[in-house]
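This report concerns only the one structure given below.
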Amino acid sequence: MSSRNPGQAALSRLAGSRAVLGAILVIFCSLLSLQDAAAHDPGLSGLTIRQRTNGLEATLTLAVKDAVQVAELDEDHDGIVTQAEFARSRPQLEAAVERHVVITAAEKVIKNKSVHSRLDENNNVEVLLNFDAVGFSSLEIQSKIIASLPLGHRQYLQIQNATGETFFDRLLSAAADRATVEMPDAHSGIGAFEAVRSFANFLCMGVKHILTGYDHLLFLFGLLLVARGFFSSLGIITSFTIAHSITLAVATLRVVQIPSRIVEPLIAASIVFVGIENLWRGDIPTARRMVAFGFGLIHGFGFASALHEAGIGSGTGGIILPLFSFNLGVELGQIMVAALALPIIWKLRENPTFIARWAPACSAAVVLLGSFWFVQRVWMT
């Protein structure tokens with residue numbers, strides 16, 4: 001009987017495989033050429049237009065990483081925008097937003113009366129615009145600022161009545177940066193129609209967020225890489241889902257808030273942890289469901305950042321429908337990925353060579369990519 005413990009056996013297999021070392025070198029060299037690689041989709045912002053008795057009020061919500069594309073907020077280019085830097089750059093930002101958010105009624109541009117901005121505790125920028133009171137039966141909103149943001153950026157537009165009820169919403173992009181909305185008739189049933197469209201918008205947003213959230217997918221891949229079968233995988237996915245659903249809800253409802261500068265490195269650290277655990281313990285580690293649940297709580301705060309950037313949970317509109325449909329979209333995206341990946345992983349695990357050589361190589365790749373993102377998020381952004 002061998003006297004080596006499981007950790008030593010795993011390390012020996014790793015050290016003895018030229019294929020593993022070659023894979024690691026290829027991955028490492030690839031990472032060096034991806035200094036600007038992102039683990040998330042190109043970004044999301046929110047624009048909310050509200051009716052007021054004395055006019056219209058518009059709130060534009062941008063993540064700081066997007067706001068710096070509009071104005072020189074990060075003066076020392078250290079990746080952090082301080083309140084002092086923001087205060088000095090506010091006029092430039094406000095002037096840019098004032099020029100690029102255009103509201104038209106009866107073919108006349110509505111005049112902006114005032115503009116004010118702030119940097120909140122979640123590293124989001126809010127710009128508040130107040131427009132003159134006018135009579136109108138329809139509005140045309142154009143957000144030309146999207147063209148200044150990264151390619152593929154989307155903006156969630158919602159129009160609210162005087163009671164704060166959303167009766168129109170749409171996802172805008174650089175190619176489709178305007179929307180025309182007819183003011184609803186109380187008996188027209190448009191509210192139900194817009195609720196359905198809002199549900200579909202956030203459902204699609206959730207699916208796209210998880211499919212382009214490569215850090216979340218890599219964490220899940222690392223967890224499932226050593227899973228032995230359907231029920232083991234189901235337990236891991238269920239634990240992860242329950243955990244991130246809890247923190248997605250509490251973060252969106254603003255019960256608990258953790259800044260993204262803390263959450264994002266922790267997400268990268270969770271990837272590193274899972275990869276190292278796979279290497280050290282070899283086959284399926286014990287308490288894998290607890291690992292999925294514990295780190296899933298952190299990932300939920302990361303999912304919530306997408307809703308915050310869209311202005312959901314800021315007190316400017318409904319929360320429950322976007323929260324439910326976005327989370328459902330995330331779960332559907334997870335199921336899609338798992339349905340494709342798990343049969344392949346299970347088939348590969350029938351081959352002893354895969355378990356001995358390529359599973360450790362994949363875990364090493366997980367560690368390297370997670371470490372790259374950790375360093376990038378702590379020291380490069």
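The values are calculated or read from the model by the stated rules, or taken from the named source; none is laboratory data. These numbers were taken from a predicted model, which means no experiment stands behind them. Every residue, glycine among them, receives a Cβ derived from its backbone with ideal geometry; neighbour counts consider all protein chains shown. Just so you know, the surface numbers come from the protein's heavy atoms only, side chains and all, with ligands and any DNA or RNA stripped out. Shrake-Rupley method; radii C 1.70, N 1.55, O 1.52, S 1.80 Å.
General observations
- Scanning region 154-183 for residues that are in contact with a Ser or Thr (Cβ under 6 Å, 6 or more places away or on another chain), in contact (Cβ under 8 Å) with a residue 60 or more places away in the chain and open to solvent by 10 Å² or more (accessible area, probe 1.4 Å) yields a single hit, R154.
- Just one residue in the set L32, L21, L73, L14 is at pLDDT below 50 and buried (at least 18 other Cβ atoms within 10 Å of the Cβ); that residue is L14.
- Sole residue being without any contact (Cβ under 8 Å) to a residue 40 or more places away in the chain, out of contact with any Asp or Glu (no Cβ under 7 Å at 6 or more places or on another chain) and either under 20 Å from V274 (Cβ atoms) or in a helix (DSSP H, G or I) (or both), chosen from V330, V375: V375
- Residue, modelled with the lowest pLDDT, within region 110-120, restricted to residues that are surrounded by fewer than 17 Cβ atoms within 10 Å (Cβ to Cβ) and closer than 21 Å to Q155 by Cα: D120
- Some residue of region 206-225 being modelled with pLDDT under 80, farther than 18 Å from R170 by Cβ, surrounded by fewer than 17 Cβ atoms within 10 Å (Cβ to Cβ) and not acidic (D, E): no
- Residue satisfying condition, being at pLDDT 90 or above and of a type in the set (G, A, S), within set G311, G275, G282, G317: G275
- Each residue in region 87-115 was checked for being under 28 Å from the mean Cα position of the chain (by Cα) and over 22 Å from A147 (Cα atoms), and 1 pass.
- Sole residue being in contact with an Asp or Glu (Cβ under 8 Å, 6 or more places away or on another chain) and either closer than 25 Å to F131 by Cβ or open to solvent by 20 Å² or more (accessible area, probe 1.4 Å) (or both), chosen from T61, T82, T53: T61
- Checking each residue in region 195-235 for being hydroxyl-bearing (S, T, Y) and under 30 Å from T166 (Cα atoms) picks out S198, T212.
- Subset of region 124-135 (residues that are surrounded by fewer than 19 Cβ atoms within 10 Å (Cβ to Cβ), over 12 Å from G311 (Cβ atoms) and not acidic (D, E)): N130, A133, V134, G135
- Contacts under 8 angstrom Cβ, first residue in region 344-361 being without any contact (Cβ under 8 Å) to a residue 60 or more places away in the chain, partner part of a loop (DSSP other than H, G, I, E, B) and open to solvent by 30 Å² or more (accessible area, probe 1.4 Å), 6 or more apart: none
- The number of residues in region 56-81 that are outside any loop (DSSP other than H, G, I, E, B) and in contact (Cβ under 8 Å) with a residue 60 or more places away in the chain comes to 11.
- Just one of the numbered conditions (1) touching a helix residue (DSSP H, G or I) at 6+ places or on another chain (Cβ under 8 Å); (2) within 30 Å of W379 (Cβ to Cβ); (3) assigned to a helix (DSSP H, G or I) is not true of A84: (1).
- Of all the residues in region 87-118, those that are hydrophobic (A, V, I, L, M, F, W, C) and either in a loop (DSSP other than H, G, I, E, B) or touching a residue at least 60 places away in the same chain (Cβ under 8 Å) (or both) number 2.
- Only one of the listed residues (L139, L151) is in contact (Cβ under 8 Å) with a residue 60 or more places away in the chain, among the aliphatic types (A, V, I, L, M) and open to solvent by 70 Å² or more (accessible area, probe 1.4 Å). That residue is L151.
- Filter result for A67 (crowded, with 19+ Cβ neighbours inside 10 Å and closer than 15 Å to L47 by Cβ): yes
- Residue, modelled with the highest pLDDT, within region 35-68, restricted to residues that are under 17 Å from the mean Cα position of the chain (by Cα) and among the hydroxyl-bearing types (S, T, Y): T61
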